[in-house]
Amino acid sequence: MAVEAPSSSSSFFSPWPDRLRHSAFILAVAAVALAVLVVSQELTPLRAAVVFVCLAAAALVPWRLSTEAASRDDVRGANPVETAAVSAVVAGMPDPAVLLDRAGRVVHLNAEAAQLAPALRKNELAQFALRSPEIITALREAIATGEPRRATYLDHVPVDRWMELIITPVPVPSAFGGSEKCMLMTFHDQTPLRRVEEMRADFVANASHELRTPLAALSGFIDTLQGPAKDDAKARERFLTIMHAQATRMARLIDDLLSLSRVELSAHVRPDTSIDIVPIIRQVADGLEPLARERGVVVEIDLPERPVAIAGDREELLRLFENLIENALKYGASGGRVIVSLTSTMTSEGAPEIRVMVRDFGPGIAPEHLPRLTERFYRVDVGDSRSQGGTGLGLSLVKHILNRHRGRLLIESVPEHGATFTACFPQPKAALLA
C-alpha cells in the first residue's frame, strides 16, 4: 500500500490555522488600536490598513528556517549519556549499578541500586548518599585519576552484608565524535563468600577444641586394649562401651557444627514456605518418647487441633523443636514432667505471633547463666553436659534457626523451679497461607 508524500504547498499552508489561533489576540489588539487612531484622526485609514497588514504578515509568516535551525541546535546540545538507551542498559544490569558523570553526579541508577542506597537521587552527587568512607575514597580516586577502583565495605542496614564496589571508567560517544567520561559503579554482595570463610575458620577452631577430649580418650583406650588389657575380656567390654559413647559424641558434634554452618550460610534468606508446625511438634515428641521413658519423664502435649502455619523450613524446625524438647528431657529430668504447648498472642508492638513453649520442672538455671546460654559451646555445667552427650551447640543452633525465621527465643528460669524455653514466630500474612 503506497502512501503519498505531502506536497510542499500543503505543508506550507497546514500550520496557518495554528498560527492564526496563536496570533488572534495580538491582531485584535492591533486592530482596536489602529481604529482608535483613525477615529481620533491621528492616522488615515489607508495608513492604518497598511500597518495592520504588515503586523498580520509578521505574525503569520512561517519562520520555518529558524525553527529547524533551533531544532538542530537542541539535538546537538542533548547529553548522549542521558539517552534512553543508556538508561535501559543500566536498568538491565543484575547487580546494583549507578552511572555517574565526570563530576560524580548520578545520571542513571537501576532499581537494585535504589534499594541498596535509598538516598541516591538523579542529578545529585553520589558521595552525599553513600556515606561509607571506603566508597567515598574510591570514588574520589577514580574521578581524579580516571582509573578503575575497588573497595570492600560492611553494610549494617538492614542486616550485616559485605559488599564489593567496583568503579569502572566508561567513555560514552558524544554527538561531535568525541567521548563523555563517566563512571559506572557496580555493587556485588560478598556476604555468602565471607560467611563461608568465617564458618570454615570457626569450624576448624571449634572442632579442634571440642574433639581433642574424645580423641584423647579413644587413643588412650586403644593403647590400653593393645597393651595391658589385651587379654582382659571384662576390661575390653567396658572400654569399648566408653569408646562407642565417645565416638557417638564426636559424630553428634560434627553433625551440630555442620547444621549450624548451613543455617548461618542462609541466615539472610527468609523461608517463604507455609509449614504447619503442629504435626512437626508431635513427630518430635513421639521420636523422643524412648528417651523420656529412659529418664522417667512424662511429656504433656498441649497443641490445638487446627493447623497452625508459619513461613518456615521443615528440616530446620524439626531440629529446633528436637533440641528444645531433648534438653528439657536431659537437664530437667529430675522434675519428672515436661510440658510442650502452643499459643497465639500479641507482641508489645501489637504484632501477632505464635509461641511454642517447652517447660521442665528440674533444677532450673541460675540468672547469671541466662544471657550466655545461646553462645557456642557455653555450658552451665561442663561435666554434666558432656555426660548427657551434649555438644554445647544446641541452643546456639536454636537461636540461629529462629533468627533466620525472623523469630526470637525467650528463656525464663527460677532455680529449683525449672526452666521455660519459648520459640516465638511471627504470624504470616494471609496471602502466604493462601
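What FRET efficiency do you get for residue 411 and residue 198 if R0 is 22 Å and r is their Cβ-Cβ distance, rounded to the nearest 0.05? It would help to have the intermediate numbers written out before the result.
Details: r = 26 Å, r/R0 = 1.18.
E between residue 411 and residue 198, to the nearest 0.05, is 0.25.
Nonpolar atom fraction for the range 276-369, defined as the carbon and sulfur part of the 1.4 Å probe accessible area, stands at 50 percent. Each Lys and Arg contributes +1 and each Asp and Glu -1, all at the Cβ; summed about the Cα centre of the range 237-308, the dipole is approximately 260 debye.
About its Cα centre, the dipole of the range 90-237 is roughly 420 debye, where the only charges are +1 on Lys and Arg Cβ and -1 on Asp and Glu Cβ. Distance from the Cα centroid of the range 120-138 to that of the range 252-267 is 38 Å (rounded to whole angstrom).
Cross-link partners for residue 330 among the lysines, with Cα-Cα distance under 26 Å and sequence neighbours closer than 8 places in the same chain left out: 399. Once you have a ≥ b ≥ c as the square roots of the Cα gyration tensor eigenvalues for the range 192-269, tell me rounded if a/c is under 1.5, and otherwise prolate or oblate according to whether a/b is larger than b/c. It comes out prolate by the Cα gyration axes.
Quick one: if the Förster radius is 51 Å, what FRET efficiency do residue 268 and residue 237 give, using the C-beta to C-beta distance and rounding to 0.05? The pair residue 268/residue 237 has a calculated efficiency of 0.50. Determine the relative contact order of the range 82-129: mean sequence separation of Cα pairs under 8 Å and six or more apart, normalised by residue count, in whole percent. Result for the range 82-129 is 31 percent.
Within the shell defined by Cβ-Cβ distances under 9 Å, the residues around residue 181 carry a net charge of -1, with Lys and Arg each +1 and Asp and Glu each -1. Oblate is the label for the range 300-341. Its Cα gyration tensor axes, ordered a ≥ b ≥ c, give a/c of at least 1.5 and b/c at or above a/b.
In terms of the Cα gyration tensor, with a ≥ b ≥ c the square roots of its eigenvalues, is the range 107-170 rounded because a/c is under 1.5, prolate because a/b exceeds b/c, or oblate?
On the way: a/c = 1.81, a/b = 1.22, b/c = 1.48.
Because a/c hits 1.5 or more and a/b fails to exceed b/c, the range 107-170 counts as oblate.
The values are calculated or read from the model by the stated rules, or taken from the named source; none is laboratory data. As the structure is a prediction and not an experimental result, all values here were calculated from the model. Virtual Cβ from ideal backbone geometry, glycine too; neighbours counted across all protein chains shown. Areas reflect the complete protein model, heavy atoms only, side chains present, ligands, DNA and RNA absent. Shrake-Rupley method; radii C 1.70, N 1.55, O 1.52, S 1.80 Å.
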